[in-house]
Amino acid sequence: MKSMPLLMLFVLFSLTTSAMVRAQDLFDVERSKRATVFITQVENRGATQITRCVGSGTIISENGLILTNAHHTVRSESCPGDLLIISMGITPDEPPIARFRAVVAQADRGLDLAVLRIASYIDGRLINPETLSLPFVSPGDSTGIQLDDTLTFVGYPTLADDSVVTLRGTASSFLNEPIPGIRSWVKFSNEIPGIGTGGAIYSAAGELVGVATSAYRIFPGQDASAANCVRFQDSNGDSLVSADDVCIATGQPFGTIRPINLARSLIRASLLGMQILSLNQGSGTTLTSESTKPRITRIFFAASLNDAGMPSSVISSLPVGSQSLYLFFDYENMTPETIYEVKVTNDGRPNRIFSLEPVRWSGGQKGMWYIGSTNQVWPNGVTEFTILVNGEIAASQRIIIGSADEATPIFSDVAFGLVDNNGNLLGNGYILPTGGTIASARFIHRNMAQGTEWTAIWYVNGTEIPGSRQSNIWQGEPDGAATTSVEAGSALPAGSYRLELYIQGRLAATSDFIIAGIPRGAFADVFPNPRFVGSTSSLPPDFTTATPSNNYPDQITALYALFDWQQIAPGTLWTLRWLVDSDVIYDQTSVWNAGENGVAFPVQLTTAQNVPDGTYRIEILLNNIVFASASAQVGIGQLPIDLLGQSEGVQLRGTIIDAETGQGVSGINFILISQDFSAAEYFAARDESMIYALATTDNNGVFVISRPLELSTEDNEIAYSAVILAEGYLPMSADGLVVDEETPDPIDLVIYLTRD
Amino acid sequence: MIQQLTSSRWSHVFTTIVIIAGMGVGFFLRDNALTEVRIYTDIQFGITAFYPAAWSVSSSTSYPFRARNLTERGFPTTIQITVQTVPDTISPRQVFDTLSLERLQTLASYNVISSPVNITLPDGSSASVVEYAYADSEADPFLERIPSIIRGQDVVTIRRGQAITISFLSDEKTYDANLSTFEEFLQRLRL
């Protein structure tokens with residue numbers, strides 16, 4: 001066998017490495033661009049395919065998981081397509097070309113996040129995900145984002161006419177909402193093109209830290225220009241492209257970012273291939289019909305929140321240099337398809353930093369909501385918040401910032417409970433058990449002069465409790481804590497309660513609480529008997545007779561979490577959380593609709609094959625407080641090590657050139673031999689088990705090794721060998737190819753072949 | 001002077017003879033290398049196969065034997081044996097149909113181009129042959145390659161409750177030239 005040492009390859013490897021090390025930045029822009037995809041949601045109409053919604057996305061695993069938004073991928077009224085087309089540029093500087101079809105692996109419509117899985121080629125041929133080796137970026141950690149940190153958007157700017165763009169900006173503010181909570185949104189100082197929704201946001205260190213998120217849709221009877229409507233297909237078959245054809249909302253420039261940590265549970269569940277489904281027909285959010293118009297009422301400001309997300313007190317002004325402000329309001333008839341927007345102006349000038357561009361509604365159907373921020377200085381002047389729902393102004397409210405700190409009477413920090421004989425408030429503050437006839441509220445008061453008129457009004461499920469209104473004259477100390485109570489003739493029923501405290505007719509403080517469950521001391525037992533039932537059948541077992549266990553073999557095909565419930569009123573917001581090996585894979589807040597009492601509420605966890613080994617845990621929460629939890633172990637009780645692992649290493653690619661013509665040579669096999677064998681051993685045995693990866697050059701002589709090369713460490717040197725065998729050319733081989741942390745990623749080789 | 005000329009003439013002749021002899025040895029070695037075979041034995045499936053020595057061999061859970069010519073440019077000519085447990089009543093036609101359904105899901109423009117033909121294998125057993133073709137396109141979305149037409153044939157024989165499929169795949173341009181290699185493989189194959 002003729003072979004010669006591949007000295008040239010070594011030399012080129014070294015030269016390329018050193019050159020690229022100098023050029024390499026912390027942020028690998030090219031890699032992030034290559035991992036960016038353009039997503040088209042298409043509706044099949046017989047032989048015609050109509051584009052319905054578009055957006056960007058980012059590949060987050062080499063086997064084809066894509067992180068993006070839910071609003072343009074999950075089928076809905078505004079995006080009724082049934083096919084997701086994934087396009088990407090052959091080079092980062094080219095417009096995208098349709099390559100694959102994808103399916104939704106996991107989605108949270110409220111958070112507007114989705115993980116897609118590439119399932120087939122564009123022509124419908126199925127793909128074995130294990131054979132894919134796509135460029136990807138691993139999700140980073142968004143908790144490290146600080147104000148004014150440099151962020152970079154990477155996504156597509158237009159309807160498939162342009163290549164991927166990068167836009168630099170800074171983190172200009174953090175906005176908080178009840179769901180998902182602190183840092184619901186990061187605001188970006190630059191303007192992201194509307195079609196870039198779903199695109200990636202990277203930190204200065206090149207970590208994927210967010211998903212650009214904004215949602216537009218066209219509402220009947222409204223000006224479509226707000227949604228930047230584009231029509232380019234004759235969708236109704238009248239041989240014209242006119243106003244009667246399907247319009248694609250491409251949106252307006254925006255700066256709203258969902259932090260990547262909010263997508264962690266979706267990503268984990270996708271990697272594990274798990275699906276979690278509530279089998280109780282009455283559970284979940286009740287969607288209102290589109291004819292029921294959303295309403296925003298009782299809009300007011302608070303300077304801060306308490307642990308339960310309730311306003312500390314109601315304010316109408318703030319002193320100079322205030323760093324915290326929240327707008328509260330009641331909402332009803334909202335759905336996950338509702339588009340909600342908050343415009344903030346300061347002395348009449350738009351304030352982008354604290355505004356929220358149009359996004360999908362992430363709350364329930366009805367309740368109290370807030371949006372605001374802390375630890376950021378609000379500018380002085382008259383600040384006005386205007387809430388738009390589905391493109392129409394729904395409510396607005398003003399507050400003066402920078403006013404003198406006057407000694408006005410204040411009520412604040414309302415907490416609820418049962419009062420013991422010593423006057424102490426018992427319970428956890430916002431969830432009270434049923435059975436009592438008296439509910440009490442403790443609140444802080446300041447600057448209350450004697451003789452000041454004040455009023456307490458109690459509500460249950462939105463209706464004033466008859467006889468609860470108490471108009472009083474203040475008789476106590478100016479500053480301190482006070483208690484007020486509501487007493488009913490019979491036990492207070494389960495439900496959502498509210499207390500409003502007024503001072504001289506002005507709303508001074510308000511807070512909501514829940515009465516639910518059976519009393520256990522001062523606390524409520526709402527979800528007793530949480531348990532797990534495993535099954536080896538494709539059909540669910542009889543949950544009322546199934547024997548629960550907390551230990552299952554590794555051959556079950558489904559795991560069911562069951563729990564009973566007592567005295568919980570329909571309409572109450574509750575949260576179900578699943579964890580595997582302490583990592584959250586499912587976290588969903590929805591409206592309770594299963595009746596006040598019942599047994600064996602079933603939630604199913606399934607995977608494509610058997611449920612993987614691991615320790616599974618469910619938690620059931622009300623108002624962010626865990627009311628029930630249970631754990632079960634499957635198999636050895638720990639996930640396989642590589643199941644959540646992402647392959648890491650350095651990508652190797654290159655160009656093979658005919659030394660005589662200087663042209664790339666197509667169809668040449670570049671064989672990378674694994675660390676355990678040398679090139680000579682491969683020549684002798686011709687055994688493919690020695691091959692680490694194999695790549696074939698394309699028309700331009702370019703090849704890409706699909707598996708990343710593992711990094712060598714001081715303790716473990718991994719030396720690969722390379723072989724090129726091609727009819728008509730001298731064979732080439734090399735041993736001792738080593739990559740480590742200093743090696744640039746990707747490695748680009750240029751290899752010259754000599755004709756024999 | 002004359003002696004020098006004679007010596008020079010003889011050296012020319014000797015050099016020419018050495019070159020011709022060297023080329024002859026080279027061609028012999030080359031032909032030998034091209035026709036050289038290796039033996040592959042799988043005790044579990046009872047397979048003994050002789051394949052070209054320059055080809056690379058592998059086995060996996062989905063096939064007990066596969067040899068590919070990785071020195072070939074473009075699609076590597078491949079000979080592969082797969083074994084699946086089947087009921088005794090199954091016919092080769094049903095095996096072909098199952099293979100076609102699977103390939104329709106994963107191969108572009110897959111087309112069966114001949115009806116099953118019964119043949120007799122060298123060991124005297126009967127088998128059926130079907131030819132097919134498909135387009136082999138680049139899986140990597142970032143590489144540019146014009147799809148090539150791959151032509152193949154499956155030889156299916158059913159014995160001991162197993163359907164043994166011996167597949168031959170080659171680029172349509174080199175199919176006829178490489179077919180003799182497959183025929184020699186079949187001649188020497190012991191199942």
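The values are calculated or read from the model by the stated rules, or taken from the named source; none is laboratory data. Only a predicted model underlies this, so the values are computations on that prediction, with no experimental measurement involved. Reconstructed Cβ throughout: ideal geometry from the backbone, glycine too, with neighbour counts over all protein chains shown. Quick note on the areas: whole protein, heavy atoms, side chains included, nothing else; ligands and nucleic acids left out. Shrake-Rupley method; radii C 1.70, N 1.55, O 1.52, S 1.80 Å.
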| query | Quick check: is even one residue across the stretch A:8-28 away from chain B (no Cβ under 14 Å), open to solvent by less than 60 Å² (accessible area, probe 1.4 Å), at pLDDT below 95 and assigned to a loop (DSSP other than H, G, I, E, B)? | reply | yes
| task | Considering only the stretch A:133-162, state which residues are polar (S, T, N, Q), in a loop (DSSP other than H, G, I, E, B) and under 22 Å from the mean Cα position of the chain (by Cα). | result | A:Ser138, A:Gln146
| query | In the stretch A:75-106, how many residues are away from chain B (no Cβ under 14 Å), surrounded by 20 or more Cβ atoms within 10 Å (Cβ to Cβ) and either assigned to a strand (DSSP E or B) or hydrophobic (A, V, I, L, M, F, W, C) (or both)? | reply | 4
| remark: If we keep only residues of the stretch A:738-756 that are in a loop (DSSP other than H, G, I, E, B) and more than 44 Å from the chain's Cα centre (by Cα), then the residue farthest from A:Gly728 (Cα to Cα) is A:Thr754
| task | Of all residues in the stretch B:163-185, count the ones that are buried (at least 17 other Cβ atoms within 10 Å of the Cβ) and either out of contact with any Pro (no Cβ under 8 Å at 6 or more places or on another chain) or hydrophobic (A, V, I, L, M, F, W, C) (or both). | result | 13
| field | Residues located in the stretch B:69-99, provided they are more than 14 Å from chain A (Cβ to nearest Cβ) and within 15 Å of B:Leu169 (Cβ to Cβ) | value | B:Ile81, B:Thr82, B:Leu99
| said: Could you check the stretch A:709-734 and list, in sequence order, the residues that are in contact (Cβ under 8 Å) with a residue 60 or more places away in the chain and away from chain B (no Cβ under 14 Å)? | reply: A:Leu709, A:Glu710, A:Leu711, A:Ala734
| Restricting the first residue to the stretch A:128-149 and requiring it to be under 16 Å from A:Gln376 (Cα atoms), which pairs with a second residue that is open to solvent by 30 Å² or more (accessible area, probe 1.4 Å) and modelled with pLDDT of 90 or more meet a Cβ separation below 9 Å and a spacing of at least six or different chains? | A:Ile145/A:Arg183; A:Leu147/A:Thr170; A:Leu147/A:Asn375; A:Asp148/A:Thr170; A:Asp148/A:Ser189; A:Asp149/A:Thr170; A:Asp149/A:Ala204
| said: Checking A:Asp234 against (1) surrounded by 20 or more Cβ atoms within 10 Å (Cβ to Cβ); (2) without any contact (Cβ under 8 Å) to a residue 40 or more places away in the chain, only one condition comes out false. Which one? | reply: (1)
| request: Search the stretch A:29-64 for residues being among the hydroxyl-bearing types (Ser, Thr, Tyr), assigned to a strand (DSSP E or B) and crowded, with 16+ Cβ neighbours inside 10 Å, and hand back the single one that is modelled with the lowest pLDDT. | output: A:Thr51
| task | Might you let me know whether the stretch A:693-706 holds any residue that is among the small types (Gly, Ala, Ser), farther than 18 Å from A:Arg653 by Cβ, within 14 Å of chain B (Cβ to nearest Cβ) and in contact with a Ser or Thr (Cβ under 7 Å, 6 or more places away or on another chain)? | result | no
| request: Kindly check whether there is at least one residue in the stretch A:109-132 that is open to solvent by 50 Å² or more (accessible area, probe 1.4 Å), in a strand (DSSP E or B) and away from chain B (no Cβ under 13 Å). | output: yes
| remark: In the stretch A:395-428, residues that are open to solvent by less than 40 Å² (accessible area, probe 1.4 Å) and hydrophobic (A, V, I, L, M, F, W, C) total 7
| request: Among the numbered conditions (1) open to solvent by less than 40 Å² (accessible area, probe 1.4 Å); (2) farther than 30 Å from A:Val103 by Cβ; (3) not small (Gly, Ala, Ser), tell me where A:Leu147 comes up short. | output: (1)
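Let's see how each residue does on (1) touching a helix residue (DSSP H, G or I) at 6+ places or on another chain (Cβ under 7 Å); (2) in a loop (DSSP other than H, G, I, E, B); (3) closer than 30 Å to A:Val342 by Cα:
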site	(1), (2), (3)
A:Ala395	no, no, yes
A:Ile400	no, no, yes
A:Phe411	no, no, yes
A:His445	no, no, no
A:Met448	no, yes, no
A:Ser468	no, yes, no
| Wholly enclosed strands (runs of 3 or more DSSP E) of the stretch A:488-554 bearing at least 1 residues of a type in the set (A, V, I, L, M, F, W, C), open to solvent by less than 10 Å² (accessible area, probe 1.4 Å) and more than 30 Å from A:Ala407 (Cβ to Cβ) | A:506-515, A:531-535
| field | Qualifying positions in the stretch B:39-59 - facing chain A (nearest Cβ under 9 Å) and among the hydroxyl-bearing types (Ser, Thr, Tyr) | value | B:Ser56, B:Ser58, B:Ser59
| Checking A:Leu67 against (1) over 25 Å from A:Ile50 (Cβ atoms); (2) in a loop (DSSP other than H, G, I, E, B), which single condition isn't satisfied? | (2)
| note | Of the candidates B:Asp136, B:Asp140, the one satisfying the condition of being within 14 Å of chain A (Cβ to nearest Cβ) and over 19 Å from the mean Cα position of the chain (by Cα) is B:Asp140
